[in-house]
Every structure is written in structure tokens, then in C-alpha cells.
Amino acid sequence: MALISSIQLSRGEPDLSLIEPAQVPKSEYLALSSDPHISLCPTYQIRYFKSVDDVSGDWPAAEKNGPGKLHSHASPNYHIFQTTTFLKIWEETYAPALKAKLCLIEVRTEDGRPVMFLPLAIFVRNGTRILSFTDQGVADYNAPVLFACGMIWTRAQAENVWQQIEKALPAFDFADFNNMPEKLGNLTNPIFLLANQSNSADSHANILSHDWDRIQQSLVRPKIIRRKLRRLHELGDCEFFIAKNDAENQALLDFMLREKQQRFIETHVPGFEQYPEKIHYFNEATRVFQSAGVLHFSALKLNGEILACMWGLVSGPHYYGIMIASNLKNWAKYSPGHVLHYLLIKDLKEQGYNCLDLGAGDEDWKLQNCDLTIPLKRLTVCATLRGRLYEAHKEIMARLRGTSFWQALRPLKWQLIRGVKR
């Protein structure tokens, strides 16, 4: 086992790595070395930047003509969460809330050709320095920006590049890379090859290149959804609506944040009052992504009233559905969220998109309404004794949260907290 998650040596000692060199079979060595552009353990140029403003112009920005994620040969390939557009928003919202330090890594060949760029950050939790992707709940996919550089990625190659990246990083105690996909288009994600854990959930999507009848068959009870849509039409002017300006975006955003907070309260879980950076993020992201032309904010309306909305982003033929909200207090019997999802799929297919991606999460409604599952994995690395203690504490807390006692106590905690605040 080459990847060490409980290494006994201090990360601060010179010439020590968190990952041991892998033993490569002779046949694999011969296959790799037959390409004149690839050596078994190449040396890379590793550059580390502390701000999005400092990175090279090779980093992609979010754009409507971004690369496809399904069977695409595009180089570079990336998810929208690795663009400078997203990273700048994260730097201005989540980084201050977490007191996080950005670690934007560029990996290049010795002659300067880009190999991959990693958007990472270090923040402190309970005295532990944690290295992660720039995420914390707002990125459905964590991966590098990948370039077609002629590399045949194997675990040995991935370990070699990680060893060199690790030496360029600031000191950390524990690394936690979750929501990692295996591929971006046809490019293999080398960090995925190092994964040592299952992810907490996979990602789910609808393939829109299928014919419409086949797409409808992948949905749960499409006949019932169409019947509810007809009943809404009988009640008045029912429309599928896409925001086109700042005022329309703001109206949908206000609705979304209000309804989501109401669900948090009803289900007795922490909400925006506990994590105000989430509101800050969505306010800033709505403005910036709208300016970049990649925001897709849709809604189901009846006589001008918003019944449900979906905050989404687009990159080339790929649509990301990030957050859906519904007015269930008054309209639950019409399943406004399901109706909106149905109308959104139909509209995106007509517009030529090839994927409606609902992102990470194994919620029942995603499992019932999607025909594509994208496996995700996780990599954790303990770099120090403090990191090992942090990981042990996490495992204990995970087991505790799974007990019936904790499940019964948790809602009472948030009822009490919100009651005191009133």
C-alpha cells in the first residue's frame, strides 16, 4: 500500500513524503517508457499561489462555451468549480469565514507545459490545519484542471506528482479531498487514483442526448407529474420561467433563500443563521455568474407567483443544478419541485444540452429521477500526529451521530437554539 494515512514521521522533516514510492511492475514500466514524451517518474515544475489574482492565464474562467464532461477530448477540461470565476467568489466569501489560506497549485512539465492545476485551501478547525479543495458545500465536484499532456496516468504516476506537490505546499495536519470524479471528459483525474475511501455520496444526472421518450421513462411517475402540470394550467397562467436580468434574479434568489431557511427550521438542522457565508456566497455568485453569462436561474410560476426555483450554472453542453427550492406550505400537493425539474429537462434538451447534472448527494428524488450515476471517491491523508488525532475524533463523532440517541437529540438542540434566539 503506497498511500500512507498514519505515517509515523513528522511532515516537517526534510526529504520525507506522505506517500511512499510505488513498486511498478516491469511490464508497466516498459509500457510507459515506450512513449518518448513520458518518463516513469518525471520531475515537474510546481508553483504555489496565495490569491486567484496571481495565477497564470492558463487557468480557465467560467464561460458558456466550456468543455463537455461526457466523452470529451477537450484540453483543458474542468468543472465550473475549478474556474477562476468560482474561485474568486470563494476567495471573497468562504475564505474569510473560514480564515482559509488559498493554495492554488500549478503543475507543469520541465519545459513549462501545463499538466494540472489544483485549487486547494488550508483552514484551521479545532487547532488542526486542514487541507482541502475550495468547497465546503458549494462545489459538487472537486478535481484538478486537467490538460492533455501525453501522460498515461497510473497510481505510480499519481503518487510521484503528489510527492512533488506536497513538498510545495505549506504545512498541514490533515488532507481531506472529497467529491472526486474519476474523469473529466476523457481525461483521467490522477488524484482520484490515490483515493483511499468511498465518498459519502455519488453524483447523479440525466443524459439529455437520449430521445424524449427514453428520458421520460427514467423519471419517477412522469404521468402523475404531467397531470399535476395540467392542473396548474387549469388554475391560471402557469409558466416555466428563466430569469434574464438582475431584478428577476434577485426575486428568485430571495424566494430560494427564504424557502430553504424554512426547510432548515422545519427539519431542525442548522441554517443560514449558523453559516451566513452561504448567503454571502449565493448573493455574490448570482451577480458574478450572471455577468459571466453562465447563470441559469429557472422557476415555475403560477399567475406570477413563484412555486419553485432552481439555481443552476452552465458550461458548454453541461448544466449544473445547484439548489432547488419549493413553496411546500401552500403548493405541496402539486409537487412544484418535480414539475419544475420535468420542465427544465425538456427545455434543456430542446436547447441542445447533453446533461442535467444534479451533483453530489444520494437523496431519494435524485436516485428516482436520474439515469446516470457518477461515482465519486475520497482521499484523506494524515500528515502529523495532530492529523491522526483529528481523524480519530472524526470517526468517533461519525459513529456517535449514527446512533438513535444522537438522532433524537439533534433536533431538540436546534429547537432550543432557535427558541433562545427568539
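Between amide H atoms placed 1.01 Å from N, distances below 5 Å from CYS103 occur with LEU120, ALA121, ILE122, all of them 5 or more places distant or on a separate chain. With Cα atoms defining each centre, the range 329-393 and the range 239-261 are spaced 21 Å apart in the structure. Amide hydrogen proximity for VAL115: with H placed 1.01 Å from N in the peptide plane, the residues at 5 or more positions away or on another chain lying under 5 Å are VAL107, ARG108, THR109.
Length gain on complete extension for the stretch THR403 to GLU305, per 0.36 nm per residue less the alpha carbon to alpha carbon distance? Mind dumping the intermediate values first?
Values: separation 98, 0.36 × 98 = 35.28 nm, distance 4.18 nm.
This chain segment gains 31.1 nm when fully extended.
Rolling a 1.4 Å probe over the protein heavy atoms leaves HIS79 with an accessible area of roughly 10 Å².
In the chain, helical runs assigned H by DSSP with n ≥ 4 each contribute -39500 (n - 2.57); averaged across all residues and rounded to the nearest 500, the mean residue ellipticity at 222 nm is -11500 deg cm²/dmol.
Phi angles of the range 109-124 translate, via the Karplus equation with coefficients 6.51, -1.76, 1.60 and θ = phi - 60°, into HN-Hα couplings of 5, 4, 8, x, 6, x, 10, 6, 10, 10, x, 10, 8, 10, 9, 9 Hz per residue; Gly and Pro are given as x. Amide hydrogen proximity for LEU358: with H placed 1.01 Å from N in the peptide plane, the residues at 5 or more positions away or on another chain lying under 5 Å are HIS204, ALA205, ASN206, GLY321.
Taking the charge dipole of the range 234-317 about its Cα centre, with +1 at Lys and Arg Cβ atoms and -1 at Asp and Glu Cβ atoms, the residue from LEU300, PHE241, PHE289 reaching farthest to the positive side is PHE289. Here the spin labels are modelled as points 7 Å beyond Cα on the Cα-Cβ line, and at ASP237 and ASN330 they lie 1.6 nm apart.
When Lys and Arg each count +1 and Asp and Glu each count -1, what net charge do the other residues less than 12 Å away from GLU395, Cβ to Cβ, add up to?
For residues surrounding GLU395, the net value is +3.
Spin-label model, ARG125/LYS244: points 7 Å from Cα along the beta carbon direction are separated by 4.3 nm.
Rounded to the nearest whole Hz, the Karplus-based 3J(HN,Hα) values (6.51 cos²θ - 1.76 cosθ + 1.60, θ = phi - 60°) of the range 141-157 follow the sequence 10, 10, 7, x, 6, 10, 10, 7, 10, x, 7, 8, 6, 10, 4, 4, 5, with x at glycine and proline. In order along the range 197-209, phi translates into HN-Hα couplings of 9, 6, 6, 5, 7, 9, 10, 9, 8, 10, 7, 8, 7 Hz, rounded to whole numbers, per the Karplus curve 6.51 cos²θ - 1.76 cosθ + 1.60 with θ = phi - 60° and x for Gly and Pro.
Available extension along the chain between ASP53 and ILE396 is 119.5 nm, counting 0.36 nm per residue and deducting the alpha carbon span.
The DSSP beta bridges internal to the range 310-365 are antiparallel in roughly 65% of cases. With all protein chains kept in place, the per residue accessible area of the chain amounts to 46 square angstrom at a probe of 1.4 angstrom.
Just to confirm the filter: which GluC sites (Glu not before Pro) across the range 201-307 are DSSP coil and have at most 15 other Cβ within 10 angstrom of their Cβ?
Details: sites: GLU234, GLU239, GLU248, GLU259, GLU266, GLU273, GLU277, GLU284, GLU305; in loops: GLU273.
Passing both the DSSP loop test and the Cβ count: GLU273.
For the range 125-176, the residue among LEU131, ILE152, GLN164 whose Cα projects farthest onto the positive side of the dipole built from Cβ charges is GLN164. Counting only alpha carbon atoms, the long axis of helix 385-401 and the longest principal axis of the chain meet at about 30°.
In the list (i) 66, 51, 43; (ii) 71, 51, 38; (iii) 76, 55, 35, the label attached to Cα extents along the principal axes in Å as derived from the coordinates here is (ii).
Quantify, in whole percent, the carbon and sulfur part of the accessible surface of the chain (1.4 Å probe; protein heavy atoms only). Provide the component values of the computation, followed by the final result.
Values: 10110 of 19590 Å².
Within the chain, the accessible surface is 52 percent carbon and sulfur.
With r defined as the distance between the Cβ atoms of GLU284 and ARG386 and R0 fixed at 45 Å, what FRET efficiency is calculated, to the nearest 0.05? The computed FRET efficiency comes out at 0.85. Between LYS101 and TRP212, the distance separating the two model label sites (each 7 Å from Cα on the Cα→Cβ line) works out to 5.6 nm.
Taking K and R as +1 and D and E as -1, what net charge do the other residues with C-beta under 13 Å from the C-beta of ILE207 add up to? Numbers along the way, then the final one.
Numbers: positive: LYS69, ARG214, LYS349; negative: ASP211, ASP357, ASP371.
Combined, the nearby Lys, Arg, Asp and Glu give 0.
Full extension of the chain between CYS41 and TYR275 gives 79.9 nm of extra length, using 0.36 nm per residue less the Cα-Cα distance.
Which whole-number percent gives the relative contact order of the range 89-218, counting Cα pairs below 8 Å spaced six or more residues apart?
Values: 162 pairs, mean separation 25.9, N = 130.
Over the range 89-218, the number comes to 20 percent.
In the chain, the longest principal axis of the Cα atoms and the axis of helix 404-421 are about 70 degrees apart.
Calculate, for VAL220 and ILE152, the FRET efficiency according to 1/(1 + (r/R0)^6) with r their C-beta to C-beta distance and R0 30 Å; round to the nearest 0.05. Walk me through the numbers on the way to the answer.
Values: r = 41 Å, r/R0 = 1.37.
E between VAL220 and ILE152, to the nearest 0.05, is 0.15.
Placing +1 on the Cβ of every Lys and Arg and -1 on the Cβ of every Asp and Glu, with nothing else charged, gives the chain a dipole about its Cα centre of roughly 1540 debye.
The values are calculated or read from the model by the stated rules, or taken from the named source; none is laboratory data. Please read these numbers as outputs of a predicted model, since none were measured by experiment. Using ideal geometry, Cβ is built from the backbone for each residue, glycine included, and neighbour counts are taken over all protein chains shown. Just so you know, the surface numbers come from the protein's heavy atoms only, side chains and all, with ligands and any DNA or RNA stripped out. Shrake-Rupley method; radii C 1.70, N 1.55, O 1.52, S 1.80 Å.
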